[in-house]
Amino acid sequence: MREELLGVGERIVKRALELGFDEAAVRVTFRDATMVKFANSEPSVAQSWKDRSVDVYVAKDKRILGTSGSVSSIGEVEEILGRLRALASRIPESMLYAPLPEPSKVDFMEGLVDRRILEAISDPSDVSELIVEAVHRRSVDYFAGMFEASYTAKALVTSTGTSLYEDATGIQAYVRVFAGDGSGQWSLGSRRLDEKRIEEMAEIAARYAVEAKNPVDVEPGTYNIVLSPMVAGNLMNYVARMASAMSVMMGMSIFAQKKPGEKVASEKLTLIDDPRNPELPYSWSFDDEGVPTYSKPIIERGVFRTLLHNSKTAAKMGAKTTGNAGLLHPHPWSLSVAPGDRSLEELIEEAGDGFLVTNNWYTRLQNYVEGTFSTITRDAVLIIKRGEIVGAAKKFRIADSFPRMLSHLAALTRERYDMYWWEVKPPTRIPYMLFRDVHTSKHTG
Amino acid sequence: MTWEKEDIVAYAVDKGQELGADYVEARYHRRRSTSLATRNGELLGFESSFEEGVAVRVLVDGALGFAATEILTREGVEAALERAYRQARSHSRLMREKIVFSDERLGVASYAALQKKGFDSLSEEDKISYLRDLWERARGATSTARVATLMSFLAESVEEKIVVNSDGAYVKSLVPRLSLGYNVVVALPSKGTIQKWFSRAASGGYEWLDAWRVHERLPEDVKTYEKILLEASKPPTDRPVDVVVGSEIVGLVVHESCGHPSEADRILGREAAQAGKSFIKPDMVGQRIGSEYATVIDDPTIPGSNGFYLYDDEGVPARPRFLYKEGLINEFLHNRWTAAVFGTHSNAAARSMNYGSEPIVRMANTYLKPGDMSFDELVEDVKLGVYIKSYMEWNIDDERWSQRYGGLEAYLIENGELKGLVKNPVLEVTTKTFYSSLDAADKNLEFYAGTCGKGEPMQGVPVWFGGPNVRLRGITLRVRE
């Protein structure tokens, strides 16, 4: 696989230079994946993908152009490159242009491929059966969810001499369990297949489903709220994506008017862009410009530390690349939030009166620069009275702002969970987090 | 599109039947696109890409298998078929209810969406100039505030498909689309910022640029955003008022709270862990959801629409679907699986994003039926109310019942006249309240473009959503402080 993918990359770089481009970077990706989707406690579909794709960045006289396509139609990729070369002289320079970085030594992470995941790609039915069985150990009605096992290999070849290859496996799994009028959802992302962790995921979702039964209406207001790793992961995803320098340039970030060194959150918050964590999917040793990745705080003890850059945004903003390059846009890798020192019971006790919100979706912003947003709960919302769970609540919204909420983070648990699903991408290792005085809302009629 | 592609999909269907599958479907699916993006009038870059491959779906012992390959040879699709067949068969032991598809009269047809001005009718220089000019017009529109950021893009795409299945479908299609979008931030340091994301898209070509009038509308909008920062007051939230809801919001409301909950796969729980379930239960056809003005139609066959198609990805001929009709839940969106479960026929809602995606139940172009009033007539008998014209933030719960729209451009209505701007009114109501409070709609039907997300892996498909301006009686608004 290594030689095949590198060979494709070398061929396209060579062709781009022959056509007269000054620079080229080519990423060639192979994906072999199987996903089983569940509904009503049975598989609704088993899906399988095996494909090779190519993404190309080229530059001529500071004009930036790109293409992508499938490796099996590589002739067409080359034809497009020819058309792009003719076009390059007719368009203006890119405001983002900067030379591709020179090759750097990359320290490759070990252990990114798990043989057992490769076996599950070929036949995931045993894992499927385990999920069905594990969910139904409790007295629940039914569940929905998914399990995906994947292998990804990628090669990067650039005109500056970069020639890199890396491969990795990964799983993504989540279940949503229904029990009467209650439901609970939990997820897992990992580079290794461990049945015990899948069972734990099913157990937590099923437990929350049972605890969520008989929910009552609650009034909107200002509450202390414990966010589960599902919810906290979703919100930290937004914070991390807004830390991309491209988000700042496009007016899509709370960091648009901030500089590294400014306090942006409670000192309890340390949010890390964590590509060197070999246990989390989205961990890779090099970025799309061949720059070695490294783990670094986006926010450290409440202080904004790092805007995520590729070489182009870095040049534009007078900074250095942080190894977060996509071919055009910088992006976060896997994320982690530093743990706190509380148990979940202690966190709930510290909340006093409020809620434990275990899942959410549909987070949308009114204004990215000001960070105003709302998100709506789903699944178990547990009522906390005098430091104890006393029942379940019906759905409501958190309607607040990121700057305000980040400054109101009061405590975190020691234990962290590896979350990865629809609403938490990139995968995030994260504890339960207690926020004080969170604004909530609900329909008026 | 060459005969080789047709040969491959036909071969896949034959081969799948030889393997022993009860149903086989093969879809050649190609999407090519070009796009250019600018920030504050300066070019970021230009991209021209494509993706193509073959998707196969099989039914084996009541289990559904799907596989995709980009290798466009007989060997490539054969390998994909074997994967789909093997996975379906190995999971059939876990099936409690076998999956079957409804019997349908399937299409043998070829069609293409019309394009009056082709993508080559404008040079690349013209396209870049268009976006640069948009920036110049926008930044020149304010007097006190500053247009801090205008990110804009222009994108062209062509989607080609060949859908063949073992039940006799053979449908070739070609749909070109144009889209234009922007994110604008207007800032006044002493007052804060206003942000608006907006996009237009349609099937066809550059004939749409004139119709969209973005060059005229964006500067007007920017002036309004400046006025919101300078002048807007707090909306009334202490008592129920009448709310005139702009067509931009009405379109989103019907998409979110009629279209999605009417998806039969969601009603049956297939998306429960992702996009959620539905407040609509299988036996609710005929139940009242709103007033006589609540008629919502989803129609894939609208010429020029963003969600245009004439046959779905299972080969079923498309038609308008009346989801809510005069206030009653009337019809669900079906594919051949849900139609079989409900004992009815598919209404051609099966769509897929690309060759890597299974066809699932989707909307196309969803809109509220317009009325016969003018906009002035909607407003003239409102004593105290708010007209909310546009929005930014929105969300809805996973059963599509509690929905929220954060107003952006909004006006106070007093004694039948629009007064000053109000800031951050929030319409946060249940689906029942929205449709039941509807007492009038004007005749100004307008469509808006979106990419609707659903499925696992997530599939984004092009849609339109729209409607007229409508009036709701007796709504308590919220406000974002």
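So how far, in whole Å, is the C-alpha centre of region A:1-43 from the one of region A:92-144? Result: 16 Å between the Cα centres. Counting protein heavy atoms only, region B:241-479 has 49 percent of its accessible area on carbon and sulfur, 1.4 angstrom probe. Between region A:228-276 and region A:393-440, the C-alpha centres lie 13 angstrom from each other. Between B and A, roughly 7500 Å² of accessible area is buried in total, ligands, DNA and RNA not counted and the probe set to 1.4 Å.
Sort out for me the Cα centre separation of region A:304-348 from region B:369-427, rounded to whole Å. If you average the Cα positions of each part, the centres end up 39 Å apart.
Each Lys and Arg contributes +1 and each Asp and Glu -1, all at the Cβ; summed about the Cα centre of chain B, the dipole is approximately 920 debye. Compute the accessible area of each residue in region B:382-411 twice, once for its chain alone and once with every protein chain present, using a 1.4 Å probe on heavy atoms, and list those whose area falls by at least 40 Å². Buried by 40 Å² or more upon assembly, which counts only protein chains, are B:Met392, B:Glu393, B:Trp394, B:Asn395, B:Asp397, B:Asp398, B:Ser402. Between A:Ser295 and A:Arg386, residue separation times 0.36 nm minus the direct Cα-Cα distance comes to 28.8 nm. A full extension of the chain between A:Thr222 and A:Thr160 corresponds to an added length of 16.8 nm, given 0.36 nm per residue minus the alpha carbon distance.
Measuring heavy-atom accessible area with a 1.4 angstrom probe and counting protein chains only, the residues of region B:156-203 that give up at least 50 Å² relative to the chain alone are B:Thr193, B:Gln195. In region A:32-56, the residues whose accessible area drops by at least 50 square angstrom when the other protein chains are added to the isolated chain are A:Lys37, A:Asn40, A:Glu42, A:Pro43, A:Ser44, A:Val45, A:Ala46, A:Gln47, A:Ser48, A:Trp49, A:Lys50; the probe is 1.4 Å and only protein heavy atoms count.
Taking the Cα centre of the protein assembly as shown as origin and charging only Cβ (+1 Lys, Arg; -1 Asp, Glu), how large is the dipole, in debye to the nearest 20? Show your work: numbers first, answer last.
Values: 115 positive and 131 negative charges, 349 e Å.
Here the protein assembly as shown has a charge dipole of around 1680 debye.
Other residues with beta-carbon under 12 Å from the beta-carbon of B:Glu156 carry, at +1 per Lys or Arg and -1 per Asp or Glu, a net charge of +1. Less than 5 angstrom separates the built amide H of B:Gly455 from those of B:Ala275, all sequence-distant by 5 or more or on a different chain.
At 222 nm, what value in deg cm²/dmol follows for chain A if DSSP H runs of at least 4 each add -39500 (n - 2.57) and the sum is divided by all its residues, to the nearest 500?
Helices in chain A give a 222 nm mean residue ellipticity of -7500 deg cm²/dmol.
B:Lys234 to B:Asn444: FRET efficiency via 1/(1 + (r/R0)^6), r the Cβ-Cβ distance, R0 22 Å, to the nearest 0.05?
Numbers: r = 28 Å, r/R0 = 1.28.
So the FRET efficiency works out to roughly 0.20.
Here the Kirkwood formula puts the hydrodynamic radius of the protein assembly as shown at 28.4 Å, using every distinct Cα pair.
Among the trypsin sites (Lys or Arg not before Pro) in region A:14-93, those placed in a DSSP loop whose Cβ has at most 12 other Cβ atoms within 10 Å are A:Arg90. On the beta carbon distance between B:Asp14 and B:Thr451, with R0 = 25 Å, the FRET formula returns roughly 0.10.
Once both labels are positioned 7 Å from their Cα atoms along Cα-to-Cβ, the gap between B:Asp61 and B:Ala211 label points is 5.1 nm. Answer with one residue from B:Phe375, B:Asn354, B:Thr451: the one whose Cα lies farthest towards the positive end of the charge dipole of region B:241-479, charges on Cβ with Lys, Arg +1 and Asp, Glu -1. Ranked along the dipole, the leading option is B:Asn354. Element breakdown for region A:2-210 at a 1.4 angstrom probe: carbon and sulfur atoms account for 45% of the accessible area. Putting +1 on Lys and Arg Cβ atoms and -1 on Asp and Glu Cβ atoms, find which of B:Ser102, A:Asn367, A:Leu84 reaches farthest to the positive end of the dipole of the protein assembly as shown. Looking along the dipole axis, the top candidate is A:Asn367. Accessible surface calculations at 1.4 Å, restricted to protein heavy atoms, place region B:3-231 at 39 Å² per residue.
Rounded to the nearest 0.05, what FRET efficiency is calculated for A:Lys394 and B:Ser129 with R0 set to 56 Å and r the Cβ-Cβ distance?
Details: r = 54 Å, r/R0 = 0.96.
Step by step, r from the Cβ atoms, then E = 0.55.
For chain B, adding -39500 (n - 2.57) for each run of n ≥ 4 DSSP H residues and dividing by the number of residues yields -6500 deg cm²/dmol at 222 nm. Annotation: amide H-H contacts under 5 Å for A:Gly352 (H modelled 1.01 Å from N, sequence separation of 5 or more, or interchain): A:Gly387. List the trypsin sites (Lys or Arg not before Pro) within region A:374-441 that DSSP assigns to loop and that have no more than 11 neighbouring Cβ atoms inside 10 Å. Those satisfying the criteria are A:Arg386.
With K and R counted +1 and D and E -1, the other residues having a Cβ less than 11 Å from that of A:Pro99 yield a net charge of -2. A full extension of the chain between A:Glu102 and A:Arg2 corresponds to an added length of 33.8 nm, given 0.36 nm per residue minus the alpha carbon distance.
Think of chain B as having a plus end and a minus end, set by charges on the Cβ of Lys, Arg, Asp and Glu; of B:Gly45, B:Leu114, B:Gly205, B:Gly45 sits farthest toward the positive end of this dipole. Over region B:241-479, accessible surface divided per residue gives 27 Å², non-protein components excluded, 1.4 Å probe. Positive contributions from Lys and Arg (+1) and negative ones from Asp and Glu (-1), summed over other residues with Cβ under 14 Å from the Cβ of B:Phe434, come out at +1.
Tell me, what is the per residue accessible area of chain A in Å², probe radius 1.4 Å?
33
The values are calculated or read from the model by the stated rules, or taken from the named source; none is laboratory data. This is a predicted model, so every value here is computed, not measured. So basically every Cβ, Gly included, is an ideal-geometry build from the backbone, and we count neighbours across all protein chains shown. The area values use the complete protein model at the heavy-atom level, side chains included, leaving out ligands, DNA and RNA. Shrake-Rupley method; radii C 1.70, N 1.55, O 1.52, S 1.80 Å.
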